[in-house]
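Trainee: Here you go, one structure.
The values are calculated or read from the model by the stated rules, or taken from the named source; none is laboratory data. Please read all numbers here as calculations on a predicted model, not as lab measurements. Positions of Cβ are backbone-derived with ideal geometry, glycine not excepted, and every protein chain shown enters the neighbour counts.
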Amino acid sequence: MTGRTLVAGVGNIFQRDDAFGVEVARLLAGRPWPPGVRIADFGIRGVHLVYELLNGCDLLVLIDAAQRGYEPGTVTVLEVAGAAPGSTVMDAHGLVPDQVFAMAASMGCAPGRSLIVACEPADVSEGMGLSEPVRQALPHAVRAVEQILGDIEQVEQVEQEKGADDGVQAT
């Protein structure tokens, strides 16, 4: 366990709603977070995200637009099952989450746990700016990430208290 959490916003800012993860990361970046939590915008730099995972990570929270068949603007949280090592060939200027997870697994740096905070896009055509339903989903995604990080902080606090109760000093 590294005690490290990476919150990674991903997406292409030039394909309208695909910029959702980047926008959520921007909103989260200016807030105070506990030690060990890193908020970052990886855009479409999947290889850079894998390199960041080489530093070790107990939890990866990936924020992305994902077409799952819901109404546009619907925010969902998915847990990613352990990825099997796959092809390590990636587009250096693209980011496909499945390829990121496969490459991380093949390099031995898969996170302990991976969650995706996804938003159903309305428009991923060329252009800048989020559609109205996706723009309205931003605060919901921010709250989802806050809840995930808050749950982790509570678990760590319980573990520290349990260690103190056992006569073991937490360091």
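Trainee: Give me a count of the residues in segment 13-51 that are outside any helix (DSSP H, G or I), over 15 Å from the mean Cα position of the chain (by Cα) and under 22 Å from residue 131 (Cβ atoms).
Mentor: So the answer is 3.
Trainee: Report, by residue number, each residue of segment 52-77 that is within 13 Å of the chain's Cα centre (by Cα) and of a type in the set (Phe, Trp, Tyr).
Mentor: none
Trainee: Under 6 Å between Cβ atoms, which residue pairs at least 6 apart in sequence (or on different chains) link something in segment 131-159 that is more than 14 Å from residue 24 (Cα to Cα) with a partner that is at pLDDT below 95?
Mentor: Going by the 6 Å Cβ cut-off, the qualifying pairs are 153/34.
Trainee: Just for segment 67-108: of the residues that are at pLDDT 95 or above and buried (at least 19 other Cβ atoms within 10 Å of the Cβ), which one is farthest from residue 8 (Cα to Cα)?
Mentor: Out of the qualifying residues, it is 73.
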